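Heads up, the thing below is written out as structure tokens.
Read-outs throughout are calculated quantities, based only on the coordinates presented, and are distinct from any laboratory measurement. Quick caveat: nothing in here was measured; it's all calculated off a predicted structure. Cβ placement follows ideal geometry from the backbone for every residue including glycine, while neighbour counts extend to all protein chains displayed.
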Amino acid sequence: MNQNSLDVKPEARVLFVDMNSYFARCEQQANYWLRHRPVGVCVYTGKFGCVISLSTEAKERGLKAGMRLNDAMAVCPDLVPVESNPERYRHYHKKIIGVLRNYCNDVVPKSIDEAIINLSNYDHVDPMKIAINIKKDILRDVGEWLTCSVGIAPNAFLAKLASVRGKKRDGLMMITPENIDAVLADLRLGDLPGIGANMSYRLERAGIKTPLQMRYATPQLLKSIFKSIDGIYWHYRLNFIETNIVAHDYRGMQAMRQISAEKRKHINYIDQLFMTLCLTLEKRMVHHKFYCKSVGFTARYEDGTRWDDAFTITTPVQDAISLMRMIRIRVTKFEETTGADPVFNTQITQLRVAVTNFVNNGNMLYSLFEDMDRKETALKTMHEIKNKFGQDKLIRAVEMTDGKVVQDVIGFGSVKDLTDLDYKSI
Ligand SMILES: [Mg+2]
């Protein structure tokens, strides 16, 4: 069954599981003598090695990920530096995902230490009970040091927010239509994953000073502040609609066609072409045994404007009918929300449909998942290091001539390219 991602789903049925201090906890799990001690996992444990994950004990001492070891040791002399062990983190990752799959067959790993569990298609389940059991099962079956924070909410974005906010409440929090306003009232704009300093400033200048005000702002106002359809998505996210924007370049398949002045006179032709594009993608996905979880759609018009949409769905699809239906529903919804002219009209000069975020026969292709927030964190950390120590102090590990120092590194929070080298300071 395909799910329409634009439905308003007020029941809290999406769980976001986030492992605490993951790499450091895995080390403490594997090595008894590291428990209760400040531990810093480093890509390289030389004097200027960079700390990528800290145990809770180390965080309590004021250490921050991204610090160089010599600075971290100055602040916390009993810090135990441990070289990262990607094989170990993958091993626990697989076991954790296995536990989650005992409860639901729709589990999407978002990174090495995060996963989404979608219970939307399950009737008569108690998500809170499942969350409590999952936490217990991981501790019992995977490792007693592997604690996690679970957020429960009507959509993935709010579930992630709940997992972050719930960290200080035994790692369990639920956001529902009843409490969302109270939850948002305690937050600043910058507390929302994905809202950075620049966007906070823009929102504030437009009179939206809190996440609560943002929830009740009209989609049109948010669209004008964000200067893109992203604003409308923010409205959706805060109002129980499942939606995710695919903000990066597609690493998927696309089907595109120009439409001549003669042909675009007939709306039937445009409709048929739209179907043909979707069928083309269906054929290619069937050929590769792929199902997609993200869809993009663009229409360009005679006057140079364009309509651009990209969204993520919870249930992977492969067939043209589903693609067409989902795109159409979103277009209709958009037209209704904004009162805009029809998106499908006789001024269209080009149509494009794209699919990405593939799932292969029900097995996740990890390499195609992205986690934007984590990527931003990693980039931010990298830029902070660069600013502090100068550009030349930071090189990609792959550029190291001494290959044996770093052979296998997991990037910040991403399961993408598990064997790829990330970066390190020297
Ligand atoms: Mg985590």
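The simple spin-label model puts a point 7 Å past each Cα toward its Cβ; for ALA30 and ASP170 those points are separated by 3.2 nm. The label point for SER228 and the one for TYR201, both projected 7 Å from the Cα toward the Cβ, are 1.8 nm apart. Centre-to-centre, using Cα atoms only, segment 12-70 and segment 137-196 are separated by 20 Å. Normalised by the number of residues in segment 183-237, the mean separation of alpha-carbon contacts (under 8 Å, six or more apart) gives a relative contact order of 28 percent.
Here is the P(r) of segment 253-366: all C-alpha pair distances, binned every 10 Å from 0, give 14, 46, 30, 10, 1 in whole percents.
Between ASP341 and ASN105, residue separation times 0.36 nm minus the direct Cα-Cα distance comes to 80.9 nm.
For HIS235, HIS124, what's the fewest-to-most ordering of other Cβ within 10 Å of each Cβ?
On the way: HIS235 21, HIS124 4.
Ranking HIS235, HIS124 by Cβ neighbours within 10 Å, fewest first, gives HIS124, HIS235.
By the Stokes-Einstein formula, at 1.306 mPa s and 10 °C, segment 1-84 with its Kirkwood radius over alpha-carbon pairs has D equal to 111 µm²/s.
Can you give the relative contact order of segment 253-366 as a percent, counting alpha carbon pairs under 8 Å and 6+ residues apart?
Values: 183 pairs, mean separation 50.4, N = 114.
Computed over segment 253-366, the figure is 44 percent.
With a Förster radius of 22 Å, plug the Cβ-Cβ distance of VAL8 and LYS136 into 1/(1 + (r/R0)^6) and report the FRET value to the nearest 0.05. Walk me through the numbers before you get to the answer.
Details: r = 32 Å, r/R0 = 1.47.
Efficiency computed from Cβ-Cβ geometry: 0.10.
When the Kirkwood hydrodynamic radius is evaluated over all pairs of different C-alpha atoms of segment 183-237, what value in angstrom, to one decimal, is obtained?
Numbers: mean 1/r = 0.0923 Å⁻¹.
Hydrodynamic radius (Kirkwood, Cα only) of segment 183-237 equals 10.8 Å.
Ordering ILE329, ILE229, ILE180 by the number of other Cβ atoms within 10 Å of each residue's own Cβ, fewest first, gives ILE329, ILE229, ILE180. Here is the size of segment 55-134 from its Cα atoms: Rg then Dmax, 18.0, 54 Å. Sorting ARG202, ARG264 by the number of Cβ atoms found within 10 Å of their own Cβ, with the fewest placed first, yields ARG202, ARG264.
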